[in-house]
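Below: the structure, in structure tokens.
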Amino acid sequence: MNLSLVSEYAGYILQGAGLTIVMAVGSIILGCILGTLLGLMRVSASKPLSFISGAYLQVFRGTPMLLQIMFIFFAIPQIYNMATGNFFNWRPEIAGVIALGMNSGAYIAEIIRSGIQGVDIGQTEAARALGLTHHKTMQLVILPQALRRVIPPLCNEFIVLLKDTSLVSGIGAKELMYRSRSMGVTTYDFVSFLVGAAIVYFCLTFILTQASAWIERRLAVSD
Amino acid sequence: MIKVTNLHKYFGNHHVLKGIDLEVEKGTVVCIIGPSGSGKSTLLRCINLLETPTEGHVLIDGVDITDPKQDINELRTEVGMVFQRFNLFPHMTVLDNITLAPIQVRGMAVKDAQELAHTLLKRVGLSDKANAYPKQLSGGQQQRVAIARALAMRPKLFLFDEPTSALDPELVGEVLDVMKSMAQEGTTMVVVTHEMGFAREVADRVVFMDDGAILEDKPPEILFTKPENSRTKSFLDRVL
């Protein structure tokens, strides 16, 4: 193990870490938007909406993440070609973010659903009895309370997502994992570069954990 | 004010209300008593459509609220409800709990709503708690805030669903006092309660329900002293 070798290539590796962070942030944003939408669909009174959301969940939870990444990267351009006769290719980073976002959307939807359903039914009844519409009840009474409950599981999901960006190396995105492995291959010193990558991943998730704990404390004050 | 005719409610196969007829005049207090599971709360919840009646009609000021075309939210602004478990919004201060509906539903200016809230808090004896959060209050205080919250909408009538059943015995009085003062001001109230003392003292009529039906509907001095139905008798023997 030779950490001076790692420091020599630190710039190269940290660039990869930068891409890892960008992909994680992108897929978290996409996942949150999709997840909130799907979660609200899941608890809505509309049967078709609830069904669509449920089916989405089953598909994305029931197949491997790596398969989903590869499907979006390799298969979607093929399907597009079959349907239109034209060609297009994703950059692996883009395909990766879409796949990760769509996948975590399924998990975040479940987090949102349980957050909403965890709020006492009496809250809805009190708000509706005062004449608030369904929409305003959700917006002003239920969601603010659900938010407090979903922070810990949501943070957990973000940590999983951050680490799962490493799977996108499988389709050639030059992020942290990809670069560490390729440096390992080049220098025959896997130990140094994998330990280096592990340290970076650990630091990133550690920051996320601390941020989550801080938000939880902040919200607890007014609870 | 309220006219309930032939009201039926099923939960699945369970027949909870079996043809209820009830009238409540403006400015009167009607207490509904009876064993648990008799359908008292369900009847009350049908009056503001927290439960949808399976059959029958509920008229409020001549408007049939069971008519699907009737705007439910509009109706509910006219019917205040106080719950057994208070159901205050835990993420809001007392003041925000009270001003929420006047601002959001009535479109009242924030300043006016807050002024109103302070007046109502004074009335329920909690002037100093405007900025407290519900969990910082005792059960009795929370229920008084819940009453102030309902009062803030200035509804035509009030429904109380066992408002003191979740309270420690020493806190029951403060809530009943607020309700008594409301009754004295001529507020129309329907109260599901186990507080027989309150029913006897404040109610204009007491309704005894058992097994989804109204068995007796009389002024308290008659119902409590000369109950006709044997089930009313045995119920009163147990609780008095």
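Whole number in Å², please: accessible area per residue of the stretch A:3-222, 1.4 Å probe, ligands, DNA and RNA not counted.
Details: 11230 Å² over 220 residues.
The answer is 51 Å² per residue.
Test of understanding: extend the Cα→C-beta vector of residue B:115 to 7 Å, then name every residue of the stretch B:123-142 with backbone N under 18 Å from that spot.
B:123
Quick one: if you stick a label point 7 Å off each Cα along the C-beta vector at residue B:13 and residue A:120, how many nm between them?
So the two model labels end up 3.4 nm from each other.
So if we plug the beta-carbon distance of residue B:184 and residue B:217 into 1/(1 + (r/R0)^6) with R0 = 22 Å, what FRET efficiency do we get, rounded to 0.05?
0.45
Sort out for me the Cα centre separation of the stretch A:65-88 from the stretch A:95-155, rounded to whole Å.
With the stretch A:65-88 and the stretch A:95-155 each reduced to a Cα centre, they are spaced 33 Å.
GNM on chain A, C-alpha springs below 10 Å: top fluctuator among A:80, A:107, A:12?
With Cα springs under 10 Å in chain A, the top fluctuation among A:80, A:107, A:12 is at A:80.
With solvent modelled as a 1.4 Å probe, how much accessible area in total do chains B and A shield from it at their shared surface, in Å² to the nearest 100?
1900 Å²
So how do B:175-185, A:184-194 stack up, highest first, on mean other-Cβ count within 10 Å?
Values: B:175-185: 17.7, A:184-194: 15.1.
In descending order of packing, they fall as B:175-185, A:184-194.
Can you tell me the FRET efficiency between residue B:5 and residue B:74 if r is taken as the Cβ-Cβ distance and R0 is 25 Å, rounded to the nearest 0.05?
About 0.70, to the nearest 0.05.
Hey, any idea what % of chain A's accessible area is carbon plus sulfur with a 1.4 Å probe?
Answer for chain A: carbon and sulfur cover 69 percent of the accessible area.
Need the list of lysines near residue B:218 for cross-linking: C-alpha distance under 30 angstrom, and skip anything on the same chain fewer than eight residues off.
Those lysines meeting the cut-off are B:3, B:9, B:18, B:26, B:40, B:156, B:180, B:226, B:233.
What helices in chain A pass both tests, a Cα length along the helix axis of 15 Å or more and a mean Kyte hydropathy of 1.6 or higher, using whole DSSP H runs?
On the way: long enough: A:10-43 (47 Å, 1.74); A:47-62 (22 Å, 0.41); A:92-117 (37 Å, 0.75); A:143-164 (29 Å, 0.54); A:176-187 (16 Å, -0.16); A:190-221 (47 Å, 1.46).
Both cut-offs are met by A:10-43.
Under a straight-distance cross-link criterion of Cα-Cα below 27 Å, which lysines are reachable from residue A:163, leaving out those fewer than 8 residues away in the same chain?
Answer for residue A:163, where 27 Å is the Cα cut-off: A:174, listed by chain and number.
Averaged per residue, what accessible area in Å² does chain B show with a 1.4 Å probe, protein chains only?
43 Å²
Among B:216, B:162, B:74, which one shows the biggest mean-square fluctuation in a GNM of chain B, springs joining Cα atoms closer than 10 Å?
Maximum among the listed residues: B:74.
If amide H atoms are built 1.01 Å from N in the plane of the peptide, which residues on other chains or at least 5 residues away come under 5 Å of the amide H of residue B:209?
Amide H to amide H, under 5 Å and 5 or more residues apart or across chains, residue B:209 pairs with B:33, B:34, B:215.
Over the stretch B:1-76, what is the relative contact order in percent, taking alpha-carbon pairs closer than 8 angstrom and at least six residues apart?
On the way: 116 pairs, mean separation 26.8, N = 76.
Relative contact order for the stretch B:1-76 comes out at 35 percent.
For the stretch A:102-129, list whatever residues lose no less than 30 Å² of accessible surface once every protein chain is in place, relative to that chain by itself, with the probe at 1.4 Å.
Residues losing area: A:123, A:125, A:126, A:128, A:129.
Label the protein assembly as shown by shape, choosing from rounded, prolate and oblate, from the square roots a ≥ b ≥ c of the eigenvalues of the Cα gyration tensor; if a/c is under 1.5 it is rounded, and otherwise prolate applies when a/b is larger than b/c, oblate when it is not.
Prolate, since a/c reaches 1.5 and a/b exceeds b/c.
What lysines could a cross-link reach from residue A:47, if we take a straight Cα to Cα line under 23 Å and drop same-chain neighbours fewer than 8 places away?
Of all the lysines, those that pass the test against residue A:47 - Cα under 23 Å, at least 8 places apart if same chain - are A:136, B:69.
Under the rule of -39500 (n - 2.57) per DSSP H run of 4 or more residues, summed and divided by the residues of chain B, what mean residue ellipticity at 222 nm is obtained, to the nearest 500 deg cm²/dmol?
-11000 deg cm²/dmol
What part of the accessible area of the stretch B:5-120, given as a whole %, is carbon or sulfur when the probe is 1.4 angstrom?
Values: 2400 of 5000 Å².
The value for the stretch B:5-120 is 48 percent carbon and sulfur by accessible area.
Relative to the present Cα-Cα distance, how much length would full extension add between residue A:55 and residue A:21 at 0.36 nm per residue of separation?
Extra length from residue A:55 to residue A:21 when fully extended: 9.2 nm.
Quote the relative contact order of the stretch A:106-155 in percent (integer), defining contacts as alpha-carbon pairs under 8 Å separated by 6+ residues.
About 53 percent, as a whole number.
The values are calculated or read from the model by the stated rules, or taken from the named source; none is laboratory data. Predicted, not measured: the structure shown is a model, and the values here were computed from it. Neighbour counts are summed over all protein chains in view; Cβ atoms, including those assigned to glycine, are modelled from backbone coordinates with ideal geometry. To get the accessible areas, we keep the full protein, side chains included, count just its heavy atoms, and leave off ligands, DNA and RNA. Shrake-Rupley method; radii C 1.70, N 1.55, O 1.52, S 1.80 Å.
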